[in-house]
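Novice: Pasting in a structure now, in C-alpha cells, and then I'll have a few things to ask.
The values are calculated or read from the model by the stated rules, or taken from the named source; none is laboratory data. Since the model is a prediction, treat every value here as computed from it, not as a measurement. Cβ sites come from the backbone with ideal geometry, for glycine too, and all protein chains shown count toward neighbours.
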Amino acid sequence: MKKLLSVLLISVMALSLLAGCGGKEGGDKEAKGKVYYLNFKPEADQAWQALAKTYTKETGVEVKVHTAASGEYESTLSSEMGKSGAPTLFQCGNAQALETWKDYLYDLSDSEVYAERSTDDYILKGENGEVYAIGYCYESFGLITNKALLKKAGYEVSDIKDFASLKKVVEDITARKDELGFAAFSSAGLDGSSSWRFSGHLANMPLFYEFRDDKVTSQPATVTGKYLDNYKNLWDLYINNATCAPSELSTKTGDESEAEFGRGEAVFFQNGSWEYANLTGEDKGFKMNPADLTMIPLYCGVEGEEEAGLCSGTENCWAVNKKASEEDIKATLDFLKWVVTSEEGTTMMAKEFGAVPFKKAAKAENVFCEAANQYTAAGKYNVSWAFNHTPNVDNWRAGVVSALLQYSNGGSWDNVKTAYVDGWATQYKAQ
C-alpha cells in the first residue's frame with residue numbers, strides 16, 4: 001500500500017512538474033516584446049501608424065507609435081522617459097543629444113538594421129566607436145538641373161564631373177544666351193529670403209573641406225578659410241552667368257530665383273531636395289516635368305571632387321533604449337530590420353522620406369532624393385552639413401551676406417574672408 005501511494009505521489013509530482021513546465025513554455029511563447037516608437041516627424045504620423053498596424057497584423061507584436069508635436073520633441077521625450085513603459089525607440093539626432101541621452105543608448109553595432117545601412121555617413125557613434133544612432137533619412141542640396149535645357153545647349157549631365165567642366169558648360173551657355181533663350185543660373189539673390197542658400201549652403205563647401213582635412217567633429221573656436229578660393233569659384237560663376245546682373249542681387253528673392261528656374265529661364269538653381277514639390281506642383285504658376293530634373297554636386301575646384309556626391313545631412317536618427325527589457329529591445333530591433341527590408345517598410349520610407357540610406361531602399365518619387373541615393377550607391381563621398389557647427393549662426397551669416405554684397409558690387413574679396421574667418425572667431429566668443 002505504501003509502495004502504491006509512493007508511486008501515485010511520484011506520478012502526481014511528475015505530472016505537476018510537466019504541467020508547470022508546459023505552462024511556462026507556453027507563457028514564454030505568448031509573451032512577446034513590445035515596441036514603443038516616439039516619432040519625431042509629425043508629417044509622417046499617419047504613415048507610421050499604418051505601418052505599425054501592418055507589422056502587428058503580420059507578427060502579433062504590439063507596436064505603439066506616439067508622435068510629439070512640432071518643436072516639442074525633446075520635452076516630450078524627457079517626459080516619456082520618466083514613465084514606466086518608456087519609448088523603446090526614439091530620436092537622437094546630433095552630438096548634443098548623444099550627450100543628453102548617453103545613459104539610454106543601446107549599442108547598435110551588432111544589430112541587423114545597422115548591417116543594412118548603405119553608408120556610414122549618417123551614423124552617430126560614441127567615443128569608442130559604439131553605434132548609438134542610425135540616420136534613417138536625409139535631405140540634400142546641390143545644383144538643381146534642368147536636363148532638357150542642358151540638352152538643348154548641347155550637353156548631358158554626364159559632361160559635368162568637376163568645377164572645370166561645369167565652368168566650361170556654364171560659360172558656353174552664357175556666350176549663347178540670346179540664341180538659346182535662357183541663362184546658366186537663376187539669380188543668386190541676397191535678399192533675406194534667398195541669402196541663406198549662399199551664406200549657409202554654399203558656405204558649407206569651404207567648411208566641409210577644411211573640417212575634413214583637420215578632422216573636426218565638433219564646433220571649433222576658429223576657422224582658417226583655407227578653401228575660400230573655392231567658395232569664390234562658384235560665387236563668381238553664379239553672379240556672372242545668371243538671369244540678372246550682380247548689381248541686382250540685393251533685392252532678388254528666393255521666390256524669384258525659383259520662378260526663373262521653374263519657367264525655364266535658367267539651367268541651374270542652387271537649392272535642395274525640399275524644392276521638388278514646389279517645382280513639380282501646380283500652385284506656383286509653373287509645373288516642371290520630373291523627368292527633366294536632377295541634382296548635381298556643388299563642384300568648386302577641390303582636388304578629387306569628381307568623387308563627391310551631394311551635400312546631405314540629417315538629424316533624423318533612430319536610437320534604441322537600452323533600459324528597456326531584453327524582450328522589448330529585441331522586438332524593437334526586429335521591427336527596425338523589417339522597416340528597412342520589407343516591401344511595406346521600404347515603400348513607406350521612400351514615399352515619406354525620399355532619400356533613405358539602406359541597401360534595400362525603394363526608389364524615391366522625389367528625383368532629387370533619388371539622385372542622392374544614386375551618388376551614394378555609386379560610392380561617392382557625402383559632403384556633410386558642416387555648417388551645423390556655425391556659432392551664432394544668424395549673426396555670422398549676416399556678416400558673410402553683407403560682404404558678398406560688397407564684393408558683388410565691385411568690392412574686395414578680402415571683405416568676405418574677414419567676415420568668414422574673423423567673424424567666426426567673434427561669434428564663437430560672443431556665443
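Novice: Based on what the data block shows, is LEU249 within 26 Å of ASP394 (Cβ to Cβ), in contact with a helix residue (DSSP H, G or I) (Cβ under 6 Å, 6 or more places away or on another chain) and of a type in the set (A, V, I, L, M)?
Specialist: Here the answer is yes, as LEU249 does meet what is asked.
Novice: Could you list, in sequence order, the residues of the stretch 210-225 that are surrounded by 14 or more Cβ atoms within 10 Å (Cβ to Cβ) and either modelled with pLDDT under 95 or not small (Gly, Ala, Ser) (or both)? Break it down into steps so the answer makes sense when it comes.
Specialist: Of the residues in the stretch 210-225, the ones surrounded by 14 or more Cβ atoms within 10 Å (Cβ to Cβ) are 210-212, 216, 220, 223-225.
The answer is GLU210, PHE211, ARG212, VAL216, PRO220, VAL223, THR224.
Novice: Please tell me if LYS363 is surrounded by fewer than 19 Cβ atoms within 10 Å (Cβ to Cβ) and part of a helix (DSSP H, G or I).
Specialist: Against the criterion (surrounded by fewer than 19 Cβ atoms within 10 Å (Cβ to Cβ) and part of a helix (DSSP H, G or I)), LYS363 does not qualify.
Novice: Next up: Six or more apart or on different chains, Cβ atoms under 7 Å: show the pairs whose first residue is in the stretch 69-95 and aromatic (Phe, Trp, Tyr) and whose second is surrounded by 16 or more Cβ atoms within 10 Å (Cβ to Cβ).
Specialist: Filtered contacts from the stretch 69-95: TYR73/PHE40; TYR73/GLN91; PHE90/LEU38; PHE90/LEU77; PHE90/ALA319; PHE90/ASN321.
Novice: Go over the candidates LEU180, LEU190, LEU249, LEU166 one by one and state the one that is surrounded by fewer than 18 Cβ atoms within 10 Å (Cβ to Cβ) and either touching a Ser or Thr at 6+ places or on another chain (Cβ under 8 Å) or over 30 Å from PRO391 (Cα atoms) (or both).
Specialist: Values: LEU190 fails: surrounded by fewer than 18 Cβ atoms within 10 Å (Cβ to Cβ); LEU249 fails: surrounded by fewer than 18 Cβ atoms within 10 Å (Cβ to Cβ); LEU166 fails: surrounded by fewer than 18 Cβ atoms within 10 Å (Cβ to Cβ).
Exactly one of LEU180, LEU190, LEU249, LEU166 is surrounded by fewer than 18 Cβ atoms within 10 Å (Cβ to Cβ) and either touching a Ser or Thr at 6+ places or on another chain (Cβ under 8 Å) or over 30 Å from PRO391 (Cα atoms) (or both), namely LEU180.
Novice: Being within 23 Å of ASN289 (Cα to Cα) and of a type in the set (Lys, Arg) is the filter; apply it to the stretch 145-163 and report the residue that is surrounded by the most Cβ atoms within 10 Å (Cβ to Cβ).
Specialist: Pass one, the stretch 145-163, residues within 23 Å of ASN289 (Cα to Cα): 145-160.
The next check asks that each one be of a type in the set (Lys, Arg); those that pass are 147, 151-152.
Values: LYS147: 17, LYS151: 13, LYS152: 15.
It comes out as LYS147.
The rows are residues; the columns are (1) within 30 Å of GLY379 (Cβ to Cβ); (2) in the same structural domain as ASP328 (by TED's automatic domain parsing); (3) of a type in the set (D, E, K, R); (4) surrounded by 12 or more Cβ atoms within 10 Å (Cβ to Cβ).
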residue	(1), (2), (3), (4)
LYS57	no, yes, yes, no
VAL63	no, yes, no, yes
HIS66	no, yes, no, yes
SER70	no, yes, no, no
LYS83	no, yes, yes, no
ASN94	yes, yes, no, yes
LEU105	yes, yes, no, yes
LEU108	yes, yes, no, yes
GLY129	yes, yes, no, no
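Novice: Which one of the conditions (1) over 20 Å from THR314 (Cβ atoms); (2) in a helix (DSSP H, G or I); (3) at pLDDT 95 or above does SER75 fail to meet, given that it meets all the rest?
Specialist: So the condition that SER75 fails would be (3).
Novice: What about ALA425, is it modelled with pLDDT under 95, surrounded by fewer than 23 Cβ atoms within 10 Å (Cβ to Cβ) and part of a helix (DSSP H, G or I)? It would help to see each step written out before you state the result.
Specialist: Values: modelled with pLDDT under 95: no; surrounded by fewer than 23 Cβ atoms within 10 Å (Cβ to Cβ): yes; part of a helix (DSSP H, G or I): yes.
Taking the combined requirement at face value, the residue does not satisfy it.
Novice: Can you give me the ranges of the strands (runs of 3 or more DSSP E) entirely in the stretch 113-164 with at least 1 residues that are under 23 Å from GLU265 (Cα atoms), touching a residue at least 60 places away in the same chain (Cβ under 8 Å) and not polar (S, T, N, Q)?
Specialist: 139-146
Novice: Can you tell me which residue in the stretch 165-181 is nearest to SER109 (Cα to Cα), limited to those that are in a helix (DSSP H, G or I) and of a type in the set (D, E, K, R)?
Specialist: LYS167
Novice: Still on this structure: Taking the condition outside the structural domain of GLN49 (by TED's automatic domain parsing), among the small types (Gly, Ala, Ser) and farther than 30 Å from ALA245 by Cβ, does ALA371 pass?
Specialist: On the way: outside the structural domain of GLN49 (by TED's automatic domain parsing): yes; among the small types (Gly, Ala, Ser): yes; farther than 30 Å from ALA245 by Cβ: yes.
In short, yes.
Novice: From the set of residues in the stretch 296-341 that are polar (S, T, N, Q) and within 24 Å of ASP107 (Cα to Cα), which is surrounded by the fewest Cβ atoms within 10 Å (Cβ to Cβ)?
Specialist: This residue is SER325.
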